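Beneath this line is the structure, given in structure tokens, with notes to follow.
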There are 2 protein chains.
Amino acid sequence: MMVELFYWPTIQGRGEFVRLALEEAGVAYVDVAREAGGMARMLAAMDGPDHPPFAPPFLKVDGLTIGQTANILLYLGQHHGLAPSDEAGGLWVHQLQLTIADLVAETHDTHHPIATSLYYEDQRPEAKRRTADFIETRIPKFLDYFEGILARPEPKDYLLGATLTYADLSLFQLIEGLRYAFPATMARIDAGYPLLGALRDRVAARPNIAAYLKSERRLPFNEEGIFRHYPELENDEKS
Amino acid sequence: MMVELFYWPTIQGRGEFVRLALEEAGVAYVDVAREAGGMARMLAAMDGPDHPPFAPPFLKVDGLTIGQTANILLYLGQHHGLAPSDEAGGLWVHQLQLTIADLVAETHDTHHPIATSLYYEDQRPEAKRRTADFIETRIPKFLDYFEGILARPEPKDYLLGATLTYADLSLFQLIEGLRYAFPATMARIDAGYPLLGALRDRVAARPNIAAYLKSERRLPFNEEGIFRHYPELENDEKS
């Protein structure tokens, strides 16, 4: 059965973490809202009587409707070989994913520290203040953590070792997003995270991911998504 | 084997969602950091070589170290009858939990919209602005969603129907926390959420939970945790 992904059609956003997992696993899927009439179908599905999702992304597969990004990845991990099948390994990958998700949410709030319902332009002073702290304390705290995971007990190719999981795909996307949103910062601290950089390159070079990144299915980053490049936010930090 | 919970010793915080699950299930556990020498043990455990957690809470059980609140509940749900054993049911409960977690994180940011590293007093104007939107748009959006889940297809005792899951315990805690932090708001909108109010009362009356809430193990809400009562934040909304 064809998997249906429901997500906003013009941004990578949280849907991208799901797209990367589907692409890596070679799952045939339809990105519903990007097709004609798809947005109406997505909004209708959100109002369904059975297990309605709070927000996109959500997946329809095997008669299930599965919402929440990390929950979708939990499912895909088990069914498509993107997570260990044993309980301990599954929990560890999920724990890492939820930690990545925390930084993703914090990244969103750098440009929307006051309210999602307001435009960025209506909360720019607050965004500058939040971004300064994000760059100074939050990016290093999280990247130190993941670099440390990759380093112990000895340098590893992926978070769990030799085998890729969905958390590696998400970490790739996180690094890509941070590099897009905060290029000067990421260039400045890049040398401190050799294992993260190598993981990013390793994921990008996987055949299915490389093909996806070159395809039209991969939307570009833009200033509507989670990772936005507003030069004034990053530059403020250096002044 | 005794379960060990590691969390900050003076707040409910995210640890409370885990405590409620352990208490409801009647699991024997030690709240490590609240014991003599426990804080040092907790900090040492966070620096461990194997599956280090990014932050408390985390659980040591059966040789596993499990971090991230929702991930801990995923484990407890399966092992202690707080979630359906079938895949579809397990995913649905987890999806609901992650949605609750999103509002919990947003609640935290009402008093810390700029930086966790700063005191509330150093971001009060921004906190007032964020809280106003939180009260106006975010609380209703989330509570409408959960009330809707409880209402369909017909009014239910718990989110999944007749049987309690860990998501119900977390929803109880969310309502308690919002009532503590924003008492005027919650009193004003209370009549619009009869099923949520009934669920809250139903959870509070469960024998294990009722005993826990009366015990010294239940820490009071305070202004160090996630749900904080700063009257000036709520009052600002009404001016």
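The values are calculated or read from the model by the stated rules, or taken from the named source; none is laboratory data. Just so it is clear, the structure is predicted and the values come from calculations on it, not from any experiment. We place every Cβ from the backbone using ideal geometry, glycine too, and count neighbours over all the protein chains shown.
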Inset, instruction - Test residue B:162 against the criterion of being hydrophobic (A, V, I, L, M, F, W, C) and over 17 Å from residue B:82 (Cα atoms), and give yes or no. - result: no
Legend entry - Evaluation of residue B:107 against (1) within 9 Å of another protein chain (Cβ to nearest Cβ); (2) in contact with a Phe, Trp or Tyr (Cβ under 8 Å, 6 or more places away or on another chain); (3) under 19 Å from residue A:126 (Cα atoms) (one fails), failing number: (1)
Inset, instruction - Quick one: residue A:111 ticks every box in (1) more than 20 Å from residue A:23 (Cβ to Cβ); (2) free of Cβ contacts under 8 Å to residues at least 24 places away in the same chain except a single one, so which number is it? - result: (2)
Legend entry - Conditions (1) facing chain B (nearest Cβ under 9 Å); (2) surrounded by fewer than 22 Cβ atoms within 10 Å (Cβ to Cβ); (3) more than 28 Å from residue B:150 (Cα to Cα); number of the one not met by residue A:99: (2)
Legend entry - Test result for residue A:45, within 7 Å of chain B (Cβ to nearest Cβ) and either buried (at least 16 other Cβ atoms within 10 Å of the Cβ) or part of a strand (DSSP E or B) (or both): no
Legend entry - Failed item, numbered, when residue B:50 is tested on (1) within 13 Å of chain A (Cβ to nearest Cβ); (2) assigned to a helix (DSSP H, G or I); (3) of a type in the set (Asp, Glu): (2)
Legend entry - Lone unmet requirement of (1) more than 10 Å from chain A (Cβ to nearest Cβ); (2) assigned to a helix (DSSP H, G or I) for residue B:81: (2)
Legend entry - Pairs where the first residue, in the range A:125-144, is within 28 Å of residue A:167 (Cβ to Cβ) and the second is surrounded by fewer than 15 Cβ atoms within 10 Å (Cβ to Cβ) and of a type in the set (Ser, Thr, Tyr), C-beta under 7 Å, 6+ apart: A:133/B:117; A:137/B:117
Legend entry - Checklist (1) modelled with pLDDT of 95 or more; (2) at the interface with chain A (Cβ under 9 Å from one of its Cβ atoms); (3) touching a Pro at 6+ places or on another chain (Cβ under 8 Å) applied to residue B:31, failing item: (2)
Legend entry - Residues that are more than 19 Å from the chain's Cα centre (by Cα), without any contact (Cβ under 8 Å) to a residue 40 or more places away in the chain and surrounded by fewer than 18 Cβ atoms within 10 Å (Cβ to Cβ), drawn from the range A:52-82: A:52, A:63, A:64, A:79
Legend entry - Selection from the range B:60-78 of residues that are small (Gly, Ala, Ser) and more than 9 Å from chain A (Cβ to nearest Cβ): B:77
Inset, instruction - Could you please find all residues in the range B:187-239 being part of a loop (DSSP other than H, G, I, E, B), of a type in the set (Gly, Ala, Ser) and either touching a strand residue (DSSP E or B) at 6+ places or on another chain (Cβ under 6 Å) or in contact (Cβ under 8 Å) with a residue 24 or more places away in the chain (or both)? - result: B:225
Inset, instruction - Go over the candidates A:12, A:78 one by one and state the one that is touching a Leu at 6+ places or on another chain (Cβ under 7 Å) and under 20 Å from residue A:100 (Cα atoms). - result: A:12
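For every residue, the table says whether it meets (1) under 30 Å from residue B:161 (Cα atoms); (2) loosely packed, with under 12 Cβ neighbours inside 10 Å.
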{"site": "B:199", "(1), (2)": "yes, no"}
{"site": "B:202", "(1), (2)": "yes, no"}
{"site": "B:209", "(1), (2)": "yes, no"}
{"site": "B:215", "(1), (2)": "yes, yes"}
{"site": "B:221", "(1), (2)": "yes, no"}
{"site": "B:228", "(1), (2)": "no, no"}
{"site": "B:232", "(1), (2)": "no, yes"}
Legend entry - Residue count for the range B:110-138, restricted to those that are more than 7 Å from chain A (Cβ to nearest Cβ), assigned to a helix (DSSP H, G or I) and buried (at least 19 other Cβ atoms within 10 Å of the Cβ): 10
Inset, instruction - Residue by residue through the range A:6-28, note down the ones that are under 20 Å from residue A:225 (Cβ atoms) and without any contact (Cβ under 8 Å) to a residue 60 or more places away in the chain. - result: A:6, A:7, A:8, A:9, A:15, A:18, A:22
Legend entry - Criterion violated by residue B:153 - all others in (1) assigned to a helix (DSSP H, G or I); (2) at pLDDT below 95 satisfied: (1)
Legend entry - Residue tally, condition assigned to a loop (DSSP other than H, G, I, E, B) and either of a type in the set (D, E, K, R) or surrounded by 21 or more Cβ atoms within 10 Å (Cβ to Cβ) (or both), over the range A:14-35: 2
